[in-house]
Amino acid sequence: MVWLGVDLGNARVGLALSDPELTLAHPAGNIAVYGDSFFALEDVCALIEDEHVDRVIVGLPLQMDGTEGKSAKKARRWADNLTKRLKLLVDDDQSPIQTVPQVTLVDERLTTVSAHRLLLDASVRTNRHRPVVDQQSAVVILQTALDGAKEKKEAIDVR
């Protein structure tokens with residue numbers, strides 16, 4: 001199994017992939033979108049095909065009070081459009097995708113702050129953060145989802 005994490009930035013869509021054991025997230029690059037994250041949908045579908053992704057975790061940028069603003073609504077539309085495109089791929093006989101990967105939205109509040117801190121901890125100078133912060137945010141989003149799934153599984157196994 002492989003999971004894909006997605007951070008919908010304004011200039012770039014950051015991507016992260018899990019290892020097959022679903023324990024560790026690592027950066028998988030950025031897609032330049034020039035202000036419109038919908039430009040990234042085809043490239044994300046291609047990555048899903050190439051990496052045999054089973055689940056997609058999309059960051060949902062809630063406001064600090066937990067409500068949904070304009071960015072969160074756009075993320076929901078983006079996730080819905082991704083699901084629709086993936087369904088079309090499953091119907092295509094030439095696509096390696098046999099089933100539609102589950103697309104899940106997760107709260108991504110403060111992931112950019114966490115990403116900046118991780119980059120500072122890795123001795124990446126602040127003037128070099130901009131090109132990589134979106135993919136590092138995707139790593140934070142995906143790792144949080146992986147850790148949450150592991151905790152749920154462990155809780156089930158204990159019972």
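The values are calculated or read from the model by the stated rules, or taken from the named source; none is laboratory data. Treat the numbers as computed from the prediction; the structure is a model and nothing was measured. With ideal geometry, Cβ positions are generated from the backbone for all residues, glycine too; neighbour counts draw on all protein chains shown. All accessible areas refer to the heavy atoms of the entire protein, side chains included, with ligands and DNA or RNA removed. Shrake-Rupley method; radii C 1.70, N 1.55, O 1.52, S 1.80 Å.
Along the axis of the charge dipole computed for the range 1-77 (Cβ charges of +1 for Lys and Arg, -1 for Asp and Glu, origin at the Cα centre), the listed residues Gln63, Pro20, Asn30 are led at the positive end by Gln63.
Couplings 3J(HN,Hα) of the range 10-21, computed from phi: 6, 9, 9, 9, x, 10, 9, 10, 8, 6, x, 7 Hz, in residue order, whole Hz [Karplus 6.51 cos²θ - 1.76 cosθ + 1.60, θ = phi - 60°; x for Gly and Pro]. Among Glu49, Glu21, the sequence by solvent-accessible area, most first, with a 1.4 Å probe is Glu21, Glu49. Here's the list of lysines a cross-link from Lys70 could span, going by alpha-carbon distance under 28 Å and ignoring same-chain residues fewer than 8 apart: Lys84, Lys87. For the range 61-75, 3J(HN,Hα) computed residue by residue from phi via the Karplus equation (6.51, -1.76, 1.60; θ = phi - 60°) reads x, 6, 6, 4, 7, x, 7, 9, x, 4, 5, 5, 5, 5, 5 Hz, glycine and proline entered as x. Accessible area per residue for the range 1-68 is 46 Å², calculated with a 1.4 Å probe on protein heavy atoms, without ligands, DNA or RNA.
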